[in-house]
Amino acid sequence: MSGTSELPFILGEDKLRRVVDAALDGMVVIDAAGTVLLYNTACERLFGYSADEVLGNNVNMLMTLRDRRSHDRYIRNYLRTGRAKVIGKGRDVTGLRKDGGTVPIRLSVGELRDDADAILFVGTLHDLTETLRTRMHIEELQSELTQVARANTVGEMGSALAHELTQPLSAVVGFVEASVALIDQGGGEMPAKLREYLDQAVTQSLRAGDVIRLLREFTARGDTERSIKDINVVVEETCRLATLGTVADGIDLGLDLTDDLPPVLIDHVQIQQVVLNLVRNSIDALVDADAPAVAVRTAPGRGTVEVIVSDNGPGLAPEVGERVFEPFVSTKPDGIGIGLSICRTIVEAHGGRIAVDSSTDDGAAFRFTVPVFDESV
């Protein structure tokens, strides 16, 4: 079998023009002087100029001043050396529209020769407006999630510390009061200064307890803004955030989202933090896995929707079990054990439940529920 084959038909000039105009991306062909020889329909939409207004003119009319200078430098370099540094390389430029506005573009340049062996440059222009808009949206979400995560971490640690410190402080007060009582019962003479110090120890311990109670009340307020959301949209958006950067390179992240789930009434940023924490925990657990994979599913429940995040990592040790949701219990060497505790607090504040299924053979699966929105309430 031959290594080449004939095309079933040869495109004529009219058909070729229609193919070029059907392209979704802009296409411009210029000569070595920068004169526009071809300008397709996508370019008309991109720049607002018609083909008649551009053909025969210098392509720099479509460029901002900064990119115009760069383009002129590329052309001069080519005419001087015969080498074009931009060939085959994509770079981001800013296009200048007819109305004076600008448009972000990814420009890729190819080189060809015409029948007279004159060089032509073929530019493919991809509109980055939607890409940048999505990127900005993701950056806003990241910033919002970071702020919420910090606030939740402070609140959870404050609440946990308050809980842990209340008991020993109460014990200190009890021991000091018991010591005073024993001295009095023994009939010994207690130095006035010692009695003063012991009384101060009781007073300051009780004061510390009051401060801790105020801290617990403050961190337990948890005012949130809830709105009606599609849980699938929240999960999908969060998974995009979870896989940004290189942390998820080589990990198969699969989404299995059940269609037509009922809406939920949630603080979507808080629930995003839960999903983000669970997905990233699964990713962290797959460091040594042969074929690392994370699966995120949604499913209907009885008056709830459920989100399940599972992985094929080593699972959780039996002694950890449900304790993994307690403050300061961590499976990571450098973890402080607050993340999953925050997840439980958020989910339970929404009226849902969170749990873990763990097996050393099948990895771990964390699942949580949130109630569906009830219009009658």
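What helices (runs of 4 or more DSSP H) lie completely within the stretch 10-81 and have 3 or more residues being open to solvent by 70 Å² or more (accessible area, probe 1.4 Å)? Don't jump to the end; show me each part of the working.
Numbers: elements: 13-22, 41-47, 51-54, 65-81.
Of the helices (runs of 4 or more DSSP H) lying wholly inside the stretch 10-81, those with at least 3 residues that are open to solvent by 70 Å² or more (accessible area, probe 1.4 Å) span 13-22, 65-81.
Do we have Ala291 as over 18 Å from the mean Cα position of the chain (by Cα) and among the small types (Gly, Ala, Ser) here?
Numbers: over 18 Å from the mean Cα position of the chain (by Cα): yes; among the small types (Gly, Ala, Ser): yes.
It is true that Ala291 is over 18 Å from the mean Cα position of the chain (by Cα) and among the small types (Gly, Ala, Ser).
Consider the stretch 102-118 and keep the residues that are outside any strand (DSSP E or B) and not acidic (Asp, Glu). The one that is surrounded by the most Cβ atoms within 10 Å (Cβ to Cβ) is Ala118.
Scanning the stretch 292-302 for residues that are in contact with a strand residue (DSSP E or B) (Cβ under 8 Å, 6 or more places away or on another chain) and either surrounded by fewer than 17 Cβ atoms within 10 Å (Cβ to Cβ) or not β-branched (Val, Ile, Thr) (or both) gives Pro292, Ala293, Ala295, Arg297, Ala299, Pro300, Gly301. The set of residues from the stretch 119-135 being more than 11 Å from Ile30 (Cα to Cα), open to solvent by less than 50 Å² (accessible area, probe 1.4 Å) and in contact (Cβ under 8 Å) with a residue 60 or more places away in the chain comprises just one member, Leu125. Report whether or not Ser159 is modelled with pLDDT of 75 or more and of a type in the set (Ser, Thr, Tyr). Here the answer is no, as Ser159 does not meet what is asked.
Take the stretch 303-348 and flag every residue that is modelled with pLDDT of 90 or more, open to solvent by 20 Å² or more (accessible area, probe 1.4 Å) and over 13 Å from Phe366 (Cβ atoms). Listed by number, the residues that qualify are Gly303, Thr304.
The values are calculated or read from the model by the stated rules, or taken from the named source; none is laboratory data. The model shown is predicted, which means the values in this text are computed figures rather than measured ones. All Cβ positions, even for glycine, are placed from backbone atoms using ideal geometry, and neighbour counts span all protein chains on display. Quick note on the areas: whole protein, heavy atoms, side chains included, nothing else; ligands and nucleic acids left out. Shrake-Rupley method; radii C 1.70, N 1.55, O 1.52, S 1.80 Å.
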